[in-house]
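> Just passing along the structure, written as structure tokens.
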Amino acid sequence: MISVLLRSLGEPSNGRATHISHQRPGRRPTWLTTLLGFVAAFVAILAVNGTAMAQNGEETVGGTMRAKDAAGEKIFVEGVEFSVVDVDGNEVGTATTDAEGVWLVELPGPGVYSVLLDTETLQGFELRNPDKNPLTGVEVQPSTNKNTLFPLGERVVGESNSIRAVQLFVDGIKLGMIIAMCAIGLSLIYGTTGLTNFAHGEMVTFGAMTAFVFHVTWQIDFLGTWMTSLAFGAVMAVLFAGIAGGLFNRFVWKPLRNRGASLISALVVSIGLSIFFRYVFLYQFGGRAGFYRDYRIGQQVEFFGLFTMLRKDIFIVVFSALVLVGIGAALSRTRVGKAMRAVSDNRDLAESSGIDVEQVIRYVWIVGSALAGLGGVLFGLTENINWEMGFRLLLLMFAGVTLGGLGTAYGALLGSIIAGVFIQMSTLIIPGDMKNVGALMALIIILLVRPQGLLGRAERIG
Amino acid sequence: MTGNDFDDELKDALIPDAGPHAGPATHSSDMSVITSDKIAGVDPQAARAALADVPWEPGAKKPDPILVADHVVRRFGGLTAVDADHVEIQRGVITALIGPNGAGKTTFFNLLTNFDTPDEGTRVFDGHNIDKVPAHKIANYGMVRTFQLTKALSKMTVIENMKLGATGQKGESLWRSVLPFMWKNQEREIEARADALLDRFKLSHMRDEFAGTMSGGQRKLLEMARALMVEPSMVMLDEPMAGVNPALTQSLLGHVTGLRDAGMTVLFVEHDMDMVQEISDWVIVMAEGRIIAEGPPASIGQNQAVVDAYLGTHHHSALDLEAEL
Amino acid sequence: MDWGSIIESLFRGLIGESFIVFALAAIGLNLHFGYTGLLNFGQAVFMAAGAYGLAMMVATIGPAANRNFGWDLSESTLFWLGIFVGVVVFPVVFALIMGIPTLRLRADYLAIVTIAVAEIFRIVVRSPTPSIKKWTNSSDGLTGFSGTFYDMSPFSTQDRYLFNLFTGNQMFLVIVGWGVLAIGATICWLLIRSPWGRVLKAIREDEDAARSLGKNAYSYKMQALILGGVFGAVGGMIRAIGFSVAQPDNFITDVTFFVWVALILGGAGKVLAPIVGASLVYGLLNFSDTFLREGVAAEVIPESIMTGTQVGQVRFMLMGLGLALLAAFRPQGIFGNKEEMALDDR
């Protein structure tokens, strides 16, 4: 980076390298406000409880049929038929799994039942324990839902490796674009403030959950049904994530910068916030995975007999591509975008050439967080929404950003897409449940051979 | 007299016990006998006198070079920061490295001390090729550097800072460190040496304070004193006067010349022309990454290449330049 | 509310197994971060290394070796071998994986890679793939490796000891743990007062300065990473013996953050900090945990605010918030003074 370059050329380059900014003493009230704000937020979170599931005093038996597809992606099996029989052999009910793989049978009362799965309806999957069908001795306590488990093996469908490779490549592009969208903010925040923001993943989760709340939980429609659509939810997610990013900058990171807090302590603060919010999400939404109501499954479209894509995935790829091209254009064409890259490149130089660095940082936080929120919605659309989705994605973002070059916007883009493709394609060799291992190993190897990343400039640190 | 003859004669005269290529073993045995801060066999007077016959031109051969750099190139992206064809640093004298802003002085300095790796070129220090040698090993060869932004270790006390400088400490090995009896005696010797140096640099009163509580000038002194704990044959100072209170300037200058008089070679990067004029025996001028001139300090002001270089960047008149030099 | 059990749980937190485990891990982290400035966010992996090194030697690798090579290693031989593997071999391997790519780079790369290694470890150990599961038993974890340890216990399994705080086996574990902790703290104290420790501190303050004075910063950082990892591994091993199971869920990334909170609370860069910090963290955690659970059970805290399962989540929230606030406002810890604190020095 230029700052390093200039430093080694002998110009005293203070500021970012050692401290986020210079100390401004006597700012006690600001951090006191922050502290009080945290406590207030904490109390508010505890008071507004989202989970408390309604117990309706009835007994049910049910379950979720889950399996893994060829890429090791978790999928839900729809259309599996179950029948439940009481101890006397009378059928008390039947059910078919929905798109979420969920089935549920209401029972006449507590007692012992047995559950039979119709293997004809298994859609090509096989039961891992065929001898446990029917499942007998299922004891249901009063007022509870008894969960049963029918583990499935891999789908017995043959596919040639080369066709699978094409399919995985396309899936990888999709994943990579989502990672890229989330990672641009991470990279720009790093570039402009020097902060490795470990709480960025929580912004992704926040976006996904905001859309979920609008789209599934609340379903407010006093202005028409468009208000319950995912599109509206996504707009809200982007809006809220952007606002949250701005607020964080204003009330957490800016005061820290002004106090001259070291980058290391700022990094630890971000880790603390990451844990805090992760468990706030768990507290509010519970450990269960959520899905966007209208988009659980979709029609498959086949391309040239080589790969298939769900309609929603086609949308994700096209939409992400548009957003990313837009961001790229904005970074290279608009005044703010150019300022962002300038500050990222060399804060001191940018500041001395009249750029309002604090303002640029504010924009970076808002835009980066909004993008992370949008990425969260898209990620939730392809997989599921859960409390730690962002944290899992964060590591992939790090892999992508490091691959592309920490602190460079275009590097984040390129690196993330390569990381996405790498993750998916690696399942050709390693088991699907370990696909993220491949990307993380790649991260370590990149650091060994080219620590500055693909687009980063060579610099020797230490 | 040819350069080579002179070289040999000088060596014979000055380094009676060392062969033409004093290896590390001889060198370190030399080091161990220094008790009175004097490098055995180096006579600064003679070393300075020997510079009289050196031509005033870039890349001039020196009679007894301690450090030789050949075709050292460093590029950052498309920008070539340093492209130095040939530089020799005379043993036992004070050499100044000057040049306008952005001339690549500090980069070159980092390359000479291996804190940065050149894209091309070779560097030889005191008979050792140091191209592939990690920076920390250079200190063991007897070359020690200071930094432009002083690196006093602020959360350590002054005496701890000093003791850190000593090389070959037994207690610095992980296994021996938990067995204090293995290193206590050596530690006492090191501490005595450190105290003596602190005395000489008039820092004894700060001995047990955190280095972070010192003033800028005191930090410079501490850094220099700490460097001497390494028992170096060559001291590299990166802008020793930067940020130093004028009241301390004379004392710092005294210490730098003191290093030379004790037989050490000094190379320093500096902006302060007064200092360059006052204490240096030889001046090397860089501009745009290249060595553009060499000579004794008095010769530099008249050098056309130097005048052009400074004018080109500063847009000052020749008179300004005279004033500055 | 049952105040007796609340007080009891407070004391168990202050001096019990969790305290020992986390104090040891925090001593290691103190060597990493407090003295050398290494940002290790994967201390849980080192802990897991200790747990799995022992468990795999006794439960899977050892028996497999006996089968395949016709050896006849007894369980107790495997136990001691396992201690060696868990305390030395595994941590060294992990430290090399983390350190070789990153210790020459800026500090935050190590942070990223340590978290990445923790995640890799978690995914691999939990993997249901048969070729891996046969060594690690997936998410159920490994059991049956702590017998040799408890066989040495002089305490009766029927009785309770130390004001009814511990069962016989727990008492034995806690006493051994205290011993190990005392030895560990002494070693750490000796190390830090030695010239070796001085080099570490110099590297923390300014790596270039240390290098200019002839110190091989890379090598020292690696030594610190390994040694701190060994301390973590000892802690993790005690944790696994205490639970009698080595399970991936006991070594998730959040465990690392608990260690961080303990260290920063006590004040990074001071020998006793990890011990004081771990004791305080576990005292407070156990207290708040039992207090809230009792409160929920006695319906003093209404279910609309918090259910039993959410108590555990609140505890993590407090941990995260505590870490953030400490790092922001008291980076020197609760007892430290600003001059010598380590955290805020860059």
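> Please indicate, with yes or no, whether at least one residue in region C:104-124 is facing chain A (nearest Cβ under 8 Å) and closer than 28 Å to residue C:76 by Cα.
So far as region C:104-124 goes, yes, one or more of its residues are facing chain A (nearest Cβ under 8 Å) and closer than 28 Å to residue C:76 by Cα.
> Let me ask something else. Kindly provide the set of residues from region C:125-174 that are surrounded by fewer than 17 Cβ atoms within 10 Å (Cβ to Cβ) and aliphatic (A, V, I, L, M), ordered by number.
C:152, C:162, C:165
> State which residue pairs qualify: first residue touching a residue at least 12 places away in the same chain (Cβ under 8 Å) and inside region A:424-438, second residue acidic (Asp, Glu) and surrounded by fewer than 19 Cβ atoms within 10 Å (Cβ to Cβ) in any location, beta carbons under 8 Å apart, and separation of 6 or more residues or different chains.
Once the first residue is touching a residue at least 12 places away in the same chain (Cβ under 8 Å) and sits in region A:424-438, its partners that are acidic (Asp, Glu) and surrounded by fewer than 19 Cβ atoms within 10 Å (Cβ to Cβ) give A:432/A:73.
> If you go through region B:198-239, how many residues are under 21 Å from the mean Cα position of the chain (by Cα) and among the small types (Gly, Ala, Ser)?
Selection size over region B:198-239: 5.
> Please give the helices (runs of 4 or more DSSP H) falling wholly within region C:38-90 in which 3 or more residues are within 30 Å of residue C:323 (Cα to Cα).
Passing ranges, in order: C:43-56.
> Among the numbered conditions (1) modelled with pLDDT of 90 or more; (2) away from chain B (no Cβ under 14 Å); (3) farther than 16 Å from residue C:31 by Cα, tell me where residue C:211 comes up short.
Result: residue C:211 passes all but (2).
> Kindly establish whether residue B:187 is crowded, with 22+ Cβ neighbours inside 10 Å and either at the interface with chain C (Cβ under 8 Å from one of its Cβ atoms) or within 22 Å of the chain's Cα centre (by Cα) (or both).
no
> Given the conditions (1) modelled with pLDDT of 85 or more; (2) touching a Lys or Arg at 6+ places or on another chain (Cβ under 6 Å), and given that residue B:150 satisfies all but one, which numbered condition is not satisfied?
Here residue B:150 clears every test but (1).
> Can you report the number of residues in region C:91-134 which are in a loop (DSSP other than H, G, I, E, B) and within 23 Å of residue C:56 (Cβ to Cβ)?
Selection size over region C:91-134: 3.
> A further question follows. Identify the single condition in (1) in contact (Cβ under 8 Å) with a residue 24 or more places away in the chain; (2) more than 26 Å from residue A:275 (Cβ to Cβ); (3) of a type in the set (Gly, Ala, Ser) that residue C:202 does not satisfy, given that it satisfies every other one.
Condition (1) is where residue C:202 drops out.
> Mind checking whether some residue in region B:240-258 is within 14 Å of the chain's Cα centre (by Cα) and closer than 18 Å to residue B:89 by Cα?
So far as region B:240-258 goes, yes, one or more of its residues are within 14 Å of the chain's Cα centre (by Cα) and closer than 18 Å to residue B:89 by Cα.
> Out of (1) within 14 Å of another protein chain (Cβ to nearest Cβ); (2) β-branched (Val, Ile, Thr); (3) more than 30 Å from residue A:218 (Cα to Cα), what's the single condition that is false for residue A:275?
So residue A:275 meets the others, but not (3).
> Out of all the residues in region B:173-184, is one or more more than 11 Å from chain C (Cβ to nearest Cβ) and either in contact with a Phe, Trp or Tyr (Cβ under 8 Å, 6 or more places away or on another chain) or farther than 27 Å from residue B:262 by Cα (or both)?
Yes, there is a match, as at least one residue in region B:173-184 is more than 11 Å from chain C (Cβ to nearest Cβ) and either in contact with a Phe, Trp or Tyr (Cβ under 8 Å, 6 or more places away or on another chain) or farther than 27 Å from residue B:262 by Cα (or both).
> How about region B:196-302: which strands (runs of 3 or more DSSP E) wholly inside it have at least 3 residues that are of a type in the set (Val, Ile, Thr), surrounded by 21 or more Cβ atoms within 10 Å (Cβ to Cβ) and out of contact with any Lys or Arg (no Cβ under 8 Å at 6 or more places or on another chain)?
B:282-287
> For residues in region C:335-345 being out of contact with any helix residue (DSSP H, G or I) (no Cβ under 6 Å at 6 or more places or on another chain) and more than 7 Å from chain A (Cβ to nearest Cβ), which is modelled with the highest pLDDT?
Top of the filtered list is C:335.
> Listed residues B:113, B:106, B:122; which is more than 12 Å from residue B:69 (Cα to Cα), among the β-branched types (Val, Ile, Thr) and either away from every other protein chain (no Cβ under 11 Å) or out of contact with any Phe, Trp or Tyr (no Cβ under 6 Å at 6 or more places or on another chain) (or both)?
On inspection, the qualifying residue turns out to be B:106.
> Right, another one. Could you check, for region B:136-146, whether at least one of its residues is within 22 Å of residue B:230 (Cα to Cα), out of contact with any helix residue (DSSP H, G or I) (no Cβ under 8 Å at 6 or more places or on another chain), part of a strand (DSSP E or B) and within 10 Å of another protein chain (Cβ to nearest Cβ)?
Looking for residues that are within 22 Å of residue B:230 (Cα to Cα), out of contact with any helix residue (DSSP H, G or I) (no Cβ under 8 Å at 6 or more places or on another chain), part of a strand (DSSP E or B) and within 10 Å of another protein chain (Cβ to nearest Cβ), one finds at least one in region B:136-146, hence yes.
> Moving on to the next point. Could you grab me the full set of residues in region A:222-261 that are surrounded by fewer than 21 Cβ atoms within 10 Å (Cβ to Cβ) and not in a helix (DSSP H, G or I)?
Selection gives A:222, A:223, A:224, A:229, A:260.
> Taking the conditions exactly as written (in contact with a strand residue (DSSP E or B) (Cβ under 7 Å, 6 or more places away or on another chain), assigned by TED's automatic domain parsing to the domain that holds residue A:192 and hydroxyl-bearing (Ser, Thr, Tyr)), does residue A:334 satisfy them or not?
For residue A:334, the condition - in contact with a strand residue (DSSP E or B) (Cβ under 7 Å, 6 or more places away or on another chain), assigned by TED's automatic domain parsing to the domain that holds residue A:192 and hydroxyl-bearing (Ser, Thr, Tyr) - is not met.
> Please go through region B:38-96 and pick out each residue that is assigned to a loop (DSSP other than H, G, I, E, B), within 20 Å of the chain's Cα centre (by Cα) and β-branched (Val, Ile, Thr).
Hits for region B:38-96 are B:39, B:42, B:93.
> Could I ask something else about it? Any chance region C:254-266 includes a residue that's of a type outside the set (A, V, I, L, M, F, W, C) and more than 14 Å from every other protein chain (Cβ to nearest Cβ)?
The answer is yes; a qualifying residue exists.
> Report, by residue number, each residue of region A:413-443 that is aliphatic (A, V, I, L, M), within 14 Å of chain C (Cβ to nearest Cβ) and closer than 28 Å to residue C:106 by Cα.
Passing the criteria: A:419, A:423, A:437, A:439, A:440, A:441, A:442, A:443.
> Considering only residues of region A:80-98 that are in contact (Cβ under 8 Å) with a residue 12 or more places away in the chain and in a loop (DSSP other than H, G, I, E, B), which is farthest from the chain's Cα centre (by Cα)?
For region A:80-98, the residue satisfying everything is A:87.
The values are calculated or read from the model by the stated rules, or taken from the named source; none is laboratory data. Predicted model, so just to flag it, every value in this text is computed and none were measured. Backbone-built Cβ (ideal geometry, glycine too); neighbour counts: all protein chains shown.
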